[in-house]
Amino acid sequence: MSFKNEQISNSWSCEGDSACQVNHQVAFDFAERSFPAGMHICHLYTNENERQSTTAKFLRSGLLASEKVGYFADVMPPMNGMDSYLSQLGIIPSCQAKPEQLVLTQAEAAYCPDGTFIPERMLDYLRSFYNRAQSERFAGARMTGDTNWISKSIPGVERWIEYEAMINSLVEEVPIHGVMCQYDVSKLDGAMLFDVLSVHPMMIVAGQIVHNPYFSMPDKPTASLQE
């Protein structure tokens, strides 16, 4: 099934309370404890197995909590390979599936639908995703996205760190349960790595979510992708 730039799983879901709830503790599977809604998490990974494992746990725990889950993926599986792809991530099928629960979208198409990255437009998309979760009576919403595409010379991508900082305000305004941003460390230079860390309150270290000691929430990002 296709919907604009999205591929939506039509055979994977989890049962649970369908009423949308806010202000409660959120589980992330790879963490030993729960956290309040509104988590903005940085996942810096060094190998593909690590990335895939963390992504699978993030997605799976959201499905088990009856949340609407969005994944902006660098590489999309073929339409007829969706079940196999999710099975490889360790997500178990359910006969009680809701086709709209898991939304899998190609990352660059989601962030730059017309070939330009506009932070305000992407924030509107995240708001609408949360509103859809409410209208569809899910228990909440969470999202994760791959970021390898930002190394391309795409108009507007120099505002990426500004966008990441804006997410911190968004999750205070809209009770999204969690936003996890994934970065391949090998693709970041020192300045970009510092900026990425400075705008994420939480980070994943050794498979656990911890407070990020480098988080500073600067008024203006100090480095850009392209100058």
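Taking the listed residues 139, 206, 165, the one that is more than 15 Å from the chain's Cα centre (by Cα), small (Gly, Ala, Ser) and farther than 18 Å from residue 70 by Cα is 206, with no other qualifying. Any residue in the range 87-98 that is at pLDDT 90 or above and part of a helix (DSSP H, G or I)? No: zero hits. Listed by first and then second residue, the pairs with beta-carbon distance under 8 Å, at least 6 apart or on different chains, first residue in the range 168-191 and over 24 Å from residue 45 (Cα atoms), second part of a loop (DSSP other than H, G, I, E, B) and open to solvent by 10 Å² or more (accessible area, probe 1.4 Å), are 172/38; 175/22; 175/23; 175/37; 175/38.
Output the number of the condition that residue 124 fails; it satisfies all remaining conditions of (1) touching a residue at least 12 places away in the same chain (Cβ under 8 Å); (2) within 30 Å of residue 189 (Cα to Cα); (3) of a type in the set (Asp, Glu). With respect to (1) touching a residue at least 12 places away in the same chain (Cβ under 8 Å); (2) within 30 Å of residue 189 (Cα to Cα); (3) of a type in the set (Asp, Glu), residue 124 is out only on (1).
The values are calculated or read from the model by the stated rules, or taken from the named source; none is laboratory data. The structure presented is a predicted model; accordingly, all values stated were derived computationally and were not measured. Neighbour counts run over all protein chains shown; Cβ positions are idealised from the backbone, glycine included. In case anyone asks, the SASA skips ligands and DNA or RNA and just uses the protein heavy atoms, side chains included. Shrake-Rupley method; radii C 1.70, N 1.55, O 1.52, S 1.80 Å.
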